[in-house]
Amino acid sequence: MEEYYLMWLSRIEGIGIKRIRVLLACFQKAEAVWNAQREQLLSVKGIPEKTVDAILCSRDEEKLERWIEELEEKEIQFYSFLHPQYPSLLKEIYNPPIGIYVKGALPEDDIDKVSLVGARRCSRYGAGVTYRIAQDLGRANIVVVSGMAKGIDTMAHKGAMDGSGQTIAVLGCGVDICYPAENKELMEQITKNGCLISEYPPGTEPNPHHFPNRNRIISGLSKILVVVEAGKRSGTLITADLALESGRDVFVVPGNVTSALSEGTNNLIKQGCPVITESNDILLELGIIYKEEERQTFSKQMAEKLTPEEREIYDEIRDKEPVLAETICRKLHKNIQEVQYILSLLEIAGYIRRVPQSGYIREG
């Protein structure tokens, strides 16, 4: 029952995480806060009278029972920071949530997790790169964490699941609320291949001030944060800052220097964040090193997932003799923009490598 008393504390309007921790330090248990007299609460240093009144007014056993029944009906779990299933990495961040609501199956704590974030209005390049990296991570049994927003977030979740991996969506609303609405099907898929997480109770509608709070959880759940496309001022950069403040590694996918979508990411590179051009960069950072035969098998599995358009261009590239993009254009009767776009995707994903002034060859 202590878990539910902690949930009650976290749902008192205006109390805040810091004051809850002050109360728990004084009373040891949330149940003791529930049962404390007004004089006892007023005697706690750092707890104003307004907060004491809010605590006393919120003691409603019937309401607490309704909340518990709602969780059961909607198949939602509440894990406080004292629960053994509360993610250990999340406890390490500044001001971790008192508890999280979870819909679906929370991946095991010892499985590596990587957060992938970026612009909502992303380019085709950004979407393709994100999908490919997430797909590879999913195949390597690495959990992909993102925020289920449009654009990069959506592609991160889809890629991970298409790679037969697990994914976590951290929401700025209740886990029973779909935002954006068009991601309803994706939301349902995520609950079957991972979970939805929020620090906000069921029924909480999305609110602009929820998302910076949501971002600290996205970065806090993972050892590594990967940024793909971000404008000069964006929520993605807030997430990156939070990750750096928590001592996490932030990697950046380089973008077009003429694109506004890449201003933020390219600035992160200038600040010293490492560049990644393929999923293997992340695997190496996590200490996952494949033997040569395993790497070839992994590469073969990657190649089997190419789209028909990508396969057509990939088949024109050889192992040892570089092929120019212009040569591929002439042979396949395609325009240079289309070919260069797909070549960029193949290079970022690690299928091919560009040889300066000579063209492209297959990687490995």
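The values are calculated or read from the model by the stated rules, or taken from the named source; none is laboratory data. These numbers were taken from a predicted model, which means no experiment stands behind them. Every residue, glycine among them, receives a Cβ derived from its backbone with ideal geometry; neighbour counts consider all protein chains shown.
Of everything in segment 228-247 that's acidic (Asp, Glu) and under 16 Å from Gly272 (Cβ atoms), which residue is farthest from the chain's Cα centre (by Cα)?
Applying the filter and picking the extreme gives Glu245.
Pick from Ala160, Ala140: which is under 30 Å from Val339 (Cα atoms), crowded, with 20+ Cβ neighbours inside 10 Å and touching a helix residue (DSSP H, G or I) at 6+ places or on another chain (Cβ under 9 Å)?
None of the other options fit; the residue is Ala160.
Going residue by residue through segment 186-201, is there one that turns out to be more than 16 Å from the chain's Cα centre (by Cα) and surrounded by fewer than 19 Cβ atoms within 10 Å (Cβ to Cβ)?
Yes.
For segment 209-219, indicate whether the set of residues that are among the aliphatic types (A, V, I, L, M) and assigned to a strand (DSSP E or B) is non-empty.
No, segment 209-219 has no match at all.
Only residues in segment 321-335 that are free of Cβ contacts under 8 Å to residues at least 12 places away in the same chain count as the first member; pair them with residues that are in a loop (DSSP other than H, G, I, E, B), Cβ under 7 angstrom, at least 6 apart or cross-chain, and list the lot.
Partner pairs satisfying both residue conditions: Cys329/Asn335.
Of the residues Thr307, Thr297, only one is hydroxyl-bearing (Ser, Thr, Tyr), closer than 26 Å to Ser123 by Cβ and modelled with pLDDT under 85; which?
Numbers: Thr297 fails: closer than 26 Å to Ser123 by Cβ.
Every option except Thr307 fails the conditions.
Of the conditions (1) assigned to a strand (DSSP E or B); (2) of a type in the set (Val, Ile, Thr); (3) farther than 24 Å from Pro96 by Cβ, Val226 fails just one. Which one is it?
(3)
Pull out all pairs, ordered by first then second residue, where Cβ-Cβ is under 8 Å, the residues are six or more apart or on different chains, the first lies in segment 309-320 and is over 11 Å from Ile352 (Cβ atoms), and the second is outside any helix (DSSP H, G or I).
Correct list of pairs: Lys320/Ile361.
Just checking, how many residues over segment 269-278 are under 21 Å from Ile218 (Cα atoms) and out of contact with any Phe, Trp or Tyr (no Cβ under 9 Å at 6 or more places or on another chain)? Step through it out loud before you land on a result.
As a first pass, look at segment 269-278 and keep what is under 21 Å from Ile218 (Cα atoms): 269, 273-276.
In the following step, the residues that additionally are out of contact with any Phe, Trp or Tyr (no Cβ under 9 Å at 6 or more places or on another chain) were identified as 269.
Summing the residues that are under 21 Å from Ile218 (Cα atoms) and out of contact with any Phe, Trp or Tyr (no Cβ under 9 Å at 6 or more places or on another chain) in segment 269-278 gives 1.
Considering only residues of segment 248-265 that are of a type in the set (Gly, Ala, Ser) and either part of a loop (DSSP other than H, G, I, E, B) or surrounded by fewer than 22 Cβ atoms within 10 Å (Cβ to Cβ) (or both), which is nearest to the chain's Cα centre (by Cα)?
Of everything passing the filter in segment 248-265, Gly255 is nearest to the chain's Cα centre (by Cα).
Of all the residues that make up segment 340-356, how many are within 14 Å of Gly128 (Cα to Cα) and touching a helix residue (DSSP H, G or I) at 6+ places or on another chain (Cβ under 7 Å)?
Residues in segment 340-356 being within 14 Å of Gly128 (Cα to Cα) and touching a helix residue (DSSP H, G or I) at 6+ places or on another chain (Cβ under 7 Å): 11 in total.
Restricting to segment 215-244, count the residues that are touching a strand residue (DSSP E or B) at 6+ places or on another chain (Cβ under 7 Å) and polar (S, T, N, Q).
So the answer is 4.
Every residue in segment 8-17 that is among the charged types (D, E, K, R) and at pLDDT below 95, please.
Glu13, the sole residue that qualifies.
Conditions: (1) at pLDDT below 80; (2) of a type outside the set (A, V, I, L, M); (3) over 22 Å from Ala140 (Cα atoms). Tyr314 meets all but one. Number of the miss?
Going through (1) at pLDDT below 80; (2) of a type outside the set (A, V, I, L, M); (3) over 22 Å from Ala140 (Cα atoms) one by one, Tyr314 breaks only (1).
Look through segment 98-125, keep the residues that are among the aliphatic types (A, V, I, L, M) and surrounded by fewer than 19 Cβ atoms within 10 Å (Cβ to Cβ), and return whichever of them is nearest to Glu13 (Cα to Cα).
Taking the candidates together, the pick is Ala105.
From the list Lys150, Lys158, Lys223, pick out the single residue that is touching a residue at least 60 places away in the same chain (Cβ under 8 Å) and under 25 Å from Ala349 (Cα atoms).
Numbers: Lys150 fails: touching a residue at least 60 places away in the same chain (Cβ under 8 Å); Lys158 fails: touching a residue at least 60 places away in the same chain (Cβ under 8 Å).
The conditions single out Lys223.
Helices (runs of 4 or more DSSP H) wholly in segment 1-95 with at least 1 residues that are hydrophobic (A, V, I, L, M, F, W, C), free of Cβ contacts under 8 Å to residues at least 40 places away in the same chain and out of contact with any helix residue (DSSP H, G or I) (no Cβ under 6 Å at 6 or more places or on another chain) - which ones?
On the way: elements: 2-10, 17-27, 30-35, 38-42, 49-57, 61-73, 88-91.
Correct list: 17-27, 30-35, 49-57.
Just for segment 96-144: of the residues that are of a type in the set (A, V, I, L, M) and part of a strand (DSSP E or B), which one is farthest from Asp162 (Cα to Cα)?
This residue is Ile100.
Determine whether Gly172 is outside any helix (DSSP H, G or I), crowded, with 21+ Cβ neighbours inside 10 Å and either charged (D, E, K, R) or in contact with a Phe, Trp or Tyr (Cβ under 8 Å, 6 or more places away or on another chain) (or both). Give the steps one after another, and end with the answer.
Numbers: outside any helix (DSSP H, G or I): yes; crowded, with 21+ Cβ neighbours inside 10 Å: yes; either charged (D, E, K, R) or in contact with a Phe, Trp or Tyr (Cβ under 8 Å, 6 or more places away or on another chain) (or both): yes.
Against the criterion (outside any helix (DSSP H, G or I), crowded, with 21+ Cβ neighbours inside 10 Å and either charged (D, E, K, R) or in contact with a Phe, Trp or Tyr (Cβ under 8 Å, 6 or more places away or on another chain) (or both)), Gly172 qualifies.
Select from segment 319-332 the residues that are under 36 Å from the mean Cα position of the chain (by Cα) and over 21 Å from Gly128 (Cα atoms) and list them in ascending order.
Quick first cut of segment 319-332, residues under 36 Å from the mean Cα position of the chain (by Cα) only: 319, 325.
Within segment 319-332, Asp319 is the sole residue that qualifies.
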